[in-house]
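S.K.: The structure that follows is given in the form of structure tokens.
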Amino acid sequence: MVKPYKVYRVKLQTYQAFKQHIKQHFSDTDDHLFAVLGMDFYEREVIIKEVLSSFKGATIVYVDALESNFPSLRSELEVGDLFSDKKVVVLKSIEKASKAFLKDLAAYLETASCYSLILDGEKLEKSFYDKVTKQLVALDLTKEKPWDRKARIISWLGFFVKRDGKTLAPELADTLYESSEKQLSIMLQELNKLICYTKGSQNISLSDYRAVSSSQSEEKLWNLSEGIVFRNDQKSFDEAVCKKLDAQTFHQLLAQLRYHLQIAAKMQALVLSGDTAAMSHFPRLMPKTFDKYQRALARMPSEYAKDALRALFDAEAKAKSIAVDENVLFLELLTKMQISATLRR
């Protein structure tokens with residue numbers, strides 16, 4: 001049976017307590033059974049990598065409970081490695097394991113002489129947990145307090161940029177957390193952009209984030225205009241209807257809509273003419289983008305793009321000649337474009 005810690009096995013609900021427990025009682029010469037549980041895959045990945053770093057020079061093997069079976073897992077646990085004295089198995093997606101898999105695994109963990117295993121998943125089935133609780137050290141983040149999670153992730157953000165020799169302004173860390181839907185994956189994407197943007201600077205500030213966010217807003221506007229014209233999904237229209245525009249953003253969006261509508265009009269005209277080499281007329285479009293546009297336009301009336309362009313020119317003329325709120329004009333334009341896209345002649 002797996003050697004017990006110097007203290008009893010535990011179920012911990014904060015990252016700091018888990019980290020402290022390992023610091024005090026971990027030995028890479030012993031065998032271990034850990035569980036890292038939580039709803040966010042990326043957060044579990046960070047914690048598991050930290051646990052694995054404690055196993056000096058060990059061979060790490062990953063097994064997916066959904067795609068594998070218990071005999072395969074047992075083989076990995078029992079067969080040693082030629083290049084290392086220690087082997088650690090990470091069993092992923094433990095919450096998706098079958099009842100038979102969990103039953104066999106529980107029986108094995110109760111009687112096996114040695115193994116080092118980390119269970120990774122959203123949760124543990126209660127009957128399985130009850131059977132292995134005496135051997136298990138578990139970090140269960142499913143009931144973590146919101147303020148504990150925020151403190152944990154903000155400390156991680158500071159650690160991540162430190163690896164690149166940088167520091168993160170406290171107010172920026174807080175902004176990243178609140179503006180990213182509180183998802184670690186989004187925060188890491190933003191951090192990577194900021195690290196590249198501040199290549200010559202040691203500090204990453206809130207002003208750096210705002211500068212990068214400005215360019216990202218332009219990209220989002222471009223994607224929105226593409227979605228409106230080619231009706232990739234209803235979400236594009238819903239987002240557009242809810243968007244509040246100032247004068248500058250309104251005219252930026254009109255320009256981008258005009259660009260996409262001109263492409264659409266040309267593509268529809270080529271289809272009507274019977275041109276079989278339509279793609280050759282768009283040297284700047286990637287083949288995947290051309291195919292996506294073509295599939296979208298195939299569902300629309302042949303005069304859709306022309307009618308939408310007329311509606312856009314009308315909106316521009318009204319914006320220049322009369323005092324009308326930009327949001328009213330934009331909503332009117334969207335309505336006309338949607339009618340053009342759905343009206344069958």
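S.K.: Scan the range 29-48 and tell me whether some residue there is at negative phi, assigned to a loop (DSSP other than H, G, I, E, B), of a type in the set (A, V, I, L, M) and within 30 Å of the chain's Cα centre (by Cα).
M.R.: Yes, the range 29-48 has at least one match.
S.K.: How many of the residues in the range 99-122 are outside any strand (DSSP E or B) and either at pLDDT 90 or above or of a type in the set (Val, Ile, Thr) (or both)? Show your work before the answer.
M.R.: Quick first cut of the range 99-122, residues outside any strand (DSSP E or B) only: 99-116, 122.
Going one step further and asking which of them are either at pLDDT 90 or above or of a type in the set (Val, Ile, Thr) (or both), we end up with 99-109, 111, 116, 122.
So the count comes out to 14.
S.K.: Among the residues of the range 248-282, what is the count of those that are more than 14 Å from LEU224 (Cα to Cα) and either among the charged types (D, E, K, R) or free of Cβ contacts under 8 Å to residues at least 24 places away in the same chain (or both)?
M.R.: Of the residues in that region, 14 qualify.
S.K.: Follow-up question, since we're still on this one. Any residue in the range 89-101 that is at positive phi sitting within a Cβ distance under 6 Å of a residue that is crowded, with 18+ Cβ neighbours inside 10 Å? List the pairs, counting only those 6 or more apart or interchain.
M.R.: Close Cβ pairs (under 6 Å, with a partner that is crowded, with 18+ Cβ neighbours inside 10 Å) amount to SER93/ALA65; SER93/GLY121.
S.K.: One residue is enough: does the range 242-255 have a residue meeting the conditions surrounded by 15 or more Cβ atoms within 10 Å (Cβ to Cβ), polar (S, T, N, Q), modelled with pLDDT under 90 and part of a helix (DSSP H, G or I)?
M.R.: yes
S.K.: Just need a number here: residues in the range 283-321 that are in contact (Cβ under 8 Å) with a residue 12 or more places away in the chain, within 30 Å of ASP246 (Cα to Cα) and among the small types (Gly, Ala, Ser).
M.R.: Matching residues across the range 283-321 total 6.
S.K.: Still on this structure, please answer the following. Quick check on the range 70-77. Is at least one of its residues at pLDDT 90 or above and under 30 Å from ARG149 (Cβ atoms)?
M.R.: Initial filter on the range 70-77 (at pLDDT 90 or above): 70-77.
Add one more test, that the residue is under 30 Å from ARG149 (Cβ atoms), and what stays is none.
Scanning the range 70-77, I find no residue that is at pLDDT 90 or above and under 30 Å from ARG149 (Cβ atoms), so the answer is no.
S.K.: For a quick check of your reading of the model, give me the residue pairs whose first member lies in the range 16-33 and is without any contact (Cβ under 8 Å) to a residue 40 or more places away in the chain and outside the structural domain of LEU136 (by TED's automatic domain parsing), whose second is crowded, with 16+ Cβ neighbours inside 10 Å and not aromatic (Phe, Trp, Tyr), with beta-carbon atoms closer than 8 Å and at least 6 apart or on different chains.
M.R.: none
Condition check ((1) assigned to a helix (DSSP H, G or I); (2) touching a helix residue (DSSP H, G or I) at 6+ places or on another chain (Cβ under 6 Å)) across all residues:
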{"position": "ARG284", "(1), (2)": "no, no"}
{"position": "THR289", "(1), (2)": "yes, no"}
{"position": "ASP307", "(1), (2)": "yes, yes"}
{"position": "ARG310", "(1), (2)": "yes, no"}
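S.K.: For GLU45, only one of the following conditions fails: (1) under 23 Å from TRP147 (Cβ atoms); (2) crowded, with 19+ Cβ neighbours inside 10 Å. What is its number?
M.R.: (2)
S.K.: Let me ask you something else. Residues of the range 110-128 being farther than 23 Å from GLU50 by Cα and in contact with a strand residue (DSSP E or B) (Cβ under 9 Å, 6 or more places away or on another chain), which ones?
M.R.: Taking the range 110-128 as the starting set, the residues that turn out to be farther than 23 Å from GLU50 by Cα are 110-113, 125-128.
Passing the criteria: none in range.
S.K.: Please enumerate the residues belonging to the range 126-146 that are in a loop (DSSP other than H, G, I, E, B) and surrounded by 19 or more Cβ atoms within 10 Å (Cβ to Cβ).
M.R.: Residues of the range 126-146 that are in a loop (DSSP other than H, G, I, E, B), as a first pass: 133-136, 141-145.
Answer for the range 126-146, where residues must be in a loop (DSSP other than H, G, I, E, B) and surrounded by 19 or more Cβ atoms within 10 Å (Cβ to Cβ): GLN135, LEU136, LEU141.
The values are calculated or read from the model by the stated rules, or taken from the named source; none is laboratory data. This structure is a prediction, so every number in the text was calculated from the model and none was measured. Quick reminder, even Gly has a Cβ in these numbers, built from the backbone with ideal geometry, and neighbours come from all protein chains shown.
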